[in-house]
Amino acid sequence: MTQTLGGRTARTLAGLLIVALAGSATVQAASSSAARLLEKGTAYEHGEGVDRNPALAVSYYCKAARLGSVEAMFALGWMYANGRGVARDDAAAGALFSVAAKQGHAQAKRMLRYTGPGNGRLPSCRQLAVTRPSGPTGALLADLPPARRKVADLVAWLAPDYGVNPQFALAIAAVESNFNPAARSPKNAVGVMQLIPETATRFNVGNAHDARQNVAGGLAYLRWLLAYFEGDVRLVVAAYNAGEGAVERYGGVPPYPETRAYVARIATWFPRRTHPYDRRVVESSPIVRRSGAR
């Protein structure tokens, strides 16, 4: 889960931080992206406008740090120092504080008195994002061939960008296509997330046959559904299978055998009943505003 600070890997946190501080039009764009990621991390850490989710906060902070945010570097160190969203690791925290302190971050300098300078090794964002889950979802991934394991890694890597728990995203992708980018259904749903043409268009997917675009489109739809059904996992899963219109018509999970089996199958891999959501994405459905229909 770590990369050496002094190594030649161009994508270490420290390497990208130094590049990002060099100054250029590209760096300015990176700085803007880093600021947005830092804002999202802060929101998920403290529950500002969204439900608290320390694991998502860690992911956002890590990505912002890679784009040059010294404040995100400090925030990520704080998460490691306090075991929020990740296992407590004073060595990782110290390494993060050391880099931030060298860039003039006063609080990071103070925190080094408690953690020490660490061991010179920083956590890898990508490896954080795709750490194999334990439990049911880990079992789901255990026997994947290498090509499909790469697709699963892509799903887990992108999921936090859309406010989606990686294990939830992995469960959906597994049941939809078993991580097969070439999958096609009789209803003309295609790709990893089995997007129908209407959904692909709705979420700006230019090429549904491209694995990355397909996954991004499916995650965007899940983010929308999570907000629309206020984090009710069963309603979100039912809507992903049958459409939100069907869920609203029946005031809950539709009585279709396929949809009910689909909901049950997802629940074996992701048994939680609720999921954090971003209220800013869309106004919630009338059925959850009226009665919290389940």
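Net charge near residue 57: determine it from the other residues with C-beta under 9 Å of the C-beta of residue 57, scoring Lys and Arg +1 and Asp and Glu -1. So the environment of residue 57 carries a net charge of +2. Summing charges over neighbours of residue 281, with a neighbour being any other residue whose Cβ is under 12 Å away from its Cβ, gives 0 when K and R count +1 and D and E count -1. For the stretch 43-104, relative contact order (Cα pairs under 8 Å, six or more residues apart, normalised by length) works out to 25 percent. Computed from backbone phi with θ = phi - 60° and the Karplus coefficients 6.51, -1.76 and 1.60, the 3J(HN,Hα) list for the stretch 51-66 is 5, 4, 8, x, 5, 5, 4, 4, 4, 5, 4, 5, 5, 5, 5, 5 Hz; x is used for glycine and proline. Quick one: compute the contact order of the stretch 147-294, relative version, from alpha carbon pairs under 8 angstrom and 6+ residues apart, as a percent. Contact order relative to length: 21 percent. Stretching the chain fully between residue 256 and residue 119 yields a gain of 43.7 nm (0.36 nm per residue, less the alpha carbon separation). Packing-based ranking of 166-177, 45-56, 190-201 yields 166-177, 190-201, 45-56, ordered from highest to lowest mean Cβ neighbour count within 10 Å.
Put simply, the amide H of residue 51, placed in the peptide plane, has neighbours under 5 Å in 277, leaving out anything fewer than 5 places away on its chain.
Annotation: amide H of residue 122 within the under-5 Å range of 3, 5, sequence separation 5 or more or interchain, hydrogens built in the peptide plane.
The H on the amide N of residue 195, modeled in the peptide plane, is under 5 Å from the matching H of 190, each at least 5 residues off or on a different chain. What the Cβ-Cβ distance of residue 87 and residue 32 gives, at R0 = 22 Å and to the nearest 0.05, is a FRET efficiency of 0.10. Note on residue 187: lysines with a C-alpha under 27 Å away, same-chain residues under 8 apart excluded, are 150.
Values in this text are rule-based calculations from the coordinates and carry no lab data. Source: prediction; values computed, not measured. Virtual Cβ from ideal backbone geometry, glycine too; neighbours counted across all protein chains shown.
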